[in-house]
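**Student:** One structure follows; several queries about it will come next.
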Amino acid sequence: MWWDERVSARFRRNLQPTLTYWSVFFSFGLCIAFLGPTLLDLRCQTQSSLSQITWVFFSQQFCLLLGSCLGGVFKRTLSQSLFALFASSLAISLVFAIIPLCHNVVVLAVVMAVAGLAMGCIDTISNMQLVKIYQKDSAIFLQALHFFVGFGALLSPLIADPFLSDTNCILSNSTANASSNLPHIRKSLVPHHPGNLSHYDLPMKGMVVTRVSYAFWIMALINLPVPIAVFFLLYKERMVPCFNGSSHPLLSADELAMETRPVDKDELPTPGQRPHPAGGHDDLLSCCQSQNFRGASYTYFAVHITGALVLFMTDGIVGEYSGFVYSYAVEEPLAVVHKVAGYLPSLFWGFITLGRLISIPVSYRMKPATMVFINVIGVLITFLLLLIFSSSVVFLFVGTASLGLFLSSTFPSMLAYTEDILQYKGCATTVLVTGAGIGEMVLQLLVGSIIHDQGSYSFLVCGMIFGCLAFTFYAFLVFFHRMYPKPSAELDDASPDKAAVPGDTGQYQR
């Protein structure tokens with residue numbers, strides 16, 4: 001294996017939980033990407049207008065953000081985390097199965113809100129648990145985790161595509177000239193911004209002819225092994241009520257010595273010592289309680305805030321670019337034909353997934369701080385070149401692929417870097433996940449309004465501004481990292497009475 005034996009031993013020790021968290025994030029990706037392509041068929045199914053159906057986007061995104069904020073509530077014990085993941089992944093399968101039965105747009109919005117809550121819990125808990133397991137070695141496993149969400153996000157549109165309507169899926173005597181424009185309408189649909197499509201007359205009453213139900217039932221079956229995998233992990237850890245016996249034996253002395261190297265034997269905790277509980281990783285409400293702030297320096301808060309702001313900008317760029325690159329391409333001065341422009345969002349997400357796959361081995365050799373620096377600089381340069389060559393269709397495709405690569409590893413690298421700074425005792429995971437979710441929702445709405453008022457060129461200008469802000473906040477984070485008090489273990493590595501770092505044994509903590 002291309003990593004060292006210590007990390008390999010830790011991975012083997014935690015193989016089942018690691019694979020389970022990765023599979024749960026695949027479930028997250030499967031659920032996050034299906035709504036855009038299927039929205040027109042869901043409009044037919046619910047016999048609603050374009051403006052009404054786009055509120056389904058909002059219900060999912062808002063509840064995803066809410067679930068991310070509250071996901072840390074379930075971190076207090078491993079059993080709470082696993083039961084929350086089991087319920088969330090099972091809820092996603094049920095949502096896929098129930099969506100074809102929703103013939104009212106309000107009911108559909110409620111169902112998607114449930115899916116959003118489940119996705120938010122998955123997002124926070126999976127990141128949090130991997131960080132708790134691997135700590136200083138978590139970067140590589142976080143990169144793999146986010147590869148699986150990209151893989152799921154690529155798969156669900158491919159599953160849905162054969163079942164999407166090629167013509168108007170509501171047959172009526174009304175104007176039917178929008179049928180030939182359905183691919184254009186489908187690609188242009190962005191949350192809360194169907195205004196540029198208002199001139200298309202789509203009938204709301206008539207006979208519904210859509211086969212999209214089969215796509216959702218297939219996705220429900222594909223996702224079903226995920227809650228089963230979580231249940232098996234609960235069973236292995238003896239947390240299922242019928243099998244709640246004693247826990248599994250601890251690591252052997254040889255494994256423990258290997259995974260904690262270079263700690264000497266004399267530094268290992270004695271059998272009578274109890275491990276300290278892991279600090280931090282609370283839900284957002286618990287993080288804001290005053291007792292958590294006692295004795296904390298200003299740099300403690302600054303690291304949380306600047307880290308969240310970096311992801312607010314970069315995840316916001318992901319949301320606004322994937323949402324509006326098609327609309328930008330089909331308008332002047334590029335005027336790309338609809339069919340060709342439709343490949344741009346797929347190209348963007350494809351290179352995000354490819355970048356996450358490449359980042360798995362790269363993150364083992366490169367520090368998270370360096371990867372984030374390369375990412376934000378790459379985003380800035382790409383937007384600058386897109387502005388310079390704004391009349392080039394070829395460079396729009398090249399820039400879209402480049403932007404996907406540079407944005408791909410930003411979130412997991414930023415999470416690993418911030419947790420390293422805080423020595424796994426802050427609320428970094430919850431704060432960063434929440435900041436990223438807010439950015440993806442807010443910046444997409446902001447850019448949509450600006451494009452509507454100022455024209456398509458402002459799409460790239462906004463991206464450039466957000467990239468500059470991301471780099472600025474990253475520079476502040478590096479500054480506060482240098483100011484942040486170092487742990488005592490780093491102050492005197494040669495001290496014979498130095499305490500071993502608690503919780504960093506590589507053992508799966510119960």
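**Student:** Against the conditions (1) closer than 30 Å to P100 by Cα; (2) at pLDDT 85 or above, where does T38 fall short? Just the number, please.
**Tutor:** Condition not satisfied by T38: (2).
**Student:** Of all residues in segment 450-479, how many are farther than 27 Å from T370 by Cα, touching a residue at least 24 places away in the same chain (Cβ under 8 Å), open to solvent by less than 60 Å² (accessible area, probe 1.4 Å) and of a type in the set (S, T, Y)?
**Tutor:** So the answer is 1.
**Student:** Okay, next question. Can you tell me which of (1) over 24 Å from Q16 (Cα atoms); (2) crowded, with 19+ Cβ neighbours inside 10 Å; (3) at pLDDT 90 or above is the one A97 doesn't meet?
**Tutor:** Tallying (1) over 24 Å from Q16 (Cα atoms); (2) crowded, with 19+ Cβ neighbours inside 10 Å; (3) at pLDDT 90 or above, A97 fails exactly one: (2).
**Student:** Quick one: I381 ticks every box in (1) open to solvent by less than 60 Å² (accessible area, probe 1.4 Å); (2) free of Cβ contacts under 8 Å to residues at least 40 places away in the same chain; (3) in a helix (DSSP H, G or I) except a single one, so which number is it?
**Tutor:** Tallying (1) open to solvent by less than 60 Å² (accessible area, probe 1.4 Å); (2) free of Cβ contacts under 8 Å to residues at least 40 places away in the same chain; (3) in a helix (DSSP H, G or I), I381 fails exactly one: (1).
**Student:** Of the residues A139, A160, which single one is in a helix (DSSP H, G or I), aliphatic (A, V, I, L, M), within 24 Å of S51 (Cα to Cα) and in contact with an Asp or Glu (Cβ under 9 Å, 6 or more places away or on another chain)?
**Tutor:** From the options A139, A160, the qualifying one is A160.
**Student:** May I pose another question? List pairs: first in segment 412-429 and charged (D, E, K, R), second in a helix (DSSP H, G or I), Cβ under 8 Å, 6+ apart or cross-chain?
**Tutor:** E419/V131; E419/Q135; E419/S138; E419/A428; E419/T429; D420/K136; D420/P368
**Student:** Next question. For the subset of segment 393-426 comprising residues that are open to solvent by less than 40 Å² (accessible area, probe 1.4 Å) and assigned to a loop (DSSP other than H, G, I, E, B), which member is farthest from D123 (Cα to Cα)?
**Tutor:** L422
**Student:** Given the structure, is L145 hydrophobic (A, V, I, L, M, F, W, C), surrounded by 24 or more Cβ atoms within 10 Å (Cβ to Cβ) and within 17 Å of A33 (Cβ to Cβ)?
**Tutor:** Yes, satisfied.
**Student:** Restricting to segment 26-40, name every residue that is open to solvent by 10 Å² or more (accessible area, probe 1.4 Å) and either touching an Asp or Glu at 6+ places or on another chain (Cβ under 9 Å) or aromatic (F, W, Y) (or both).
**Tutor:** F26, F28, P37
**Student:** Further question on the same structure: Return the only residue of I358, I388, I374 being open to solvent by 30 Å² or more (accessible area, probe 1.4 Å), modelled with pLDDT of 95 or more and out of contact with any strand residue (DSSP E or B) (no Cβ under 6 Å at 6 or more places or on another chain).
**Tutor:** Numbers: I358 fails: modelled with pLDDT of 95 or more; I388 fails: modelled with pLDDT of 95 or more.
One residue alone meets the criteria, I374.
Rundown of residues vs (1) more than 29 Å from R13 (Cβ to Cβ); (2) in contact with a Ser or Thr (Cβ under 8 Å, 6 or more places away or on another chain); (3) part of a helix (DSSP H, G or I), yes/no style:
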{"position": "A84", "(1), (2), (3)": "no, no, yes"}
{"position": "A87", "(1), (2), (3)": "no, no, yes"}
{"position": "A91", "(1), (2), (3)": "yes, no, yes"}
{"position": "V106", "(1), (2), (3)": "yes, no, yes"}
{"position": "V110", "(1), (2), (3)": "yes, yes, yes"}
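**Student:** So, one more: Give F163, F83 a once-over and let me know the one that is of a type in the set (F, W, Y) and out of contact with any Lys or Arg (no Cβ under 6 Å at 6 or more places or on another chain).
**Tutor:** Values: F163 fails: out of contact with any Lys or Arg (no Cβ under 6 Å at 6 or more places or on another chain).
When all the criteria are applied, what remains is F83.
**Student:** Criterion first (farther than 14 Å from G152 by Cβ, under 21 Å from the mean Cα position of the chain (by Cα) and open to solvent by 10 Å² or more (accessible area, probe 1.4 Å)) does S23 satisfy it? Break it down into steps so the answer makes sense when it comes.
**Tutor:** Working: farther than 14 Å from G152 by Cβ: no; under 21 Å from the mean Cα position of the chain (by Cα): yes; open to solvent by 10 Å² or more (accessible area, probe 1.4 Å): yes.
Answer is no for this residue.
**Student:** How many residues, within segment 51-72, are surrounded by 19 or more Cβ atoms within 10 Å (Cβ to Cβ) and in contact with a helix residue (DSSP H, G or I) (Cβ under 6 Å, 6 or more places away or on another chain)?
**Tutor:** Residues that pass the stated criteria total 13.
The values are calculated or read from the model by the stated rules, or taken from the named source; none is laboratory data. Predicted, not measured: the structure shown is a model, and the values here were computed from it. Neighbour counts run over all protein chains shown; Cβ positions are idealised from the backbone, glycine included. All accessible areas refer to the heavy atoms of the entire protein, side chains included, with ligands and DNA or RNA removed. Shrake-Rupley method; radii C 1.70, N 1.55, O 1.52, S 1.80 Å.
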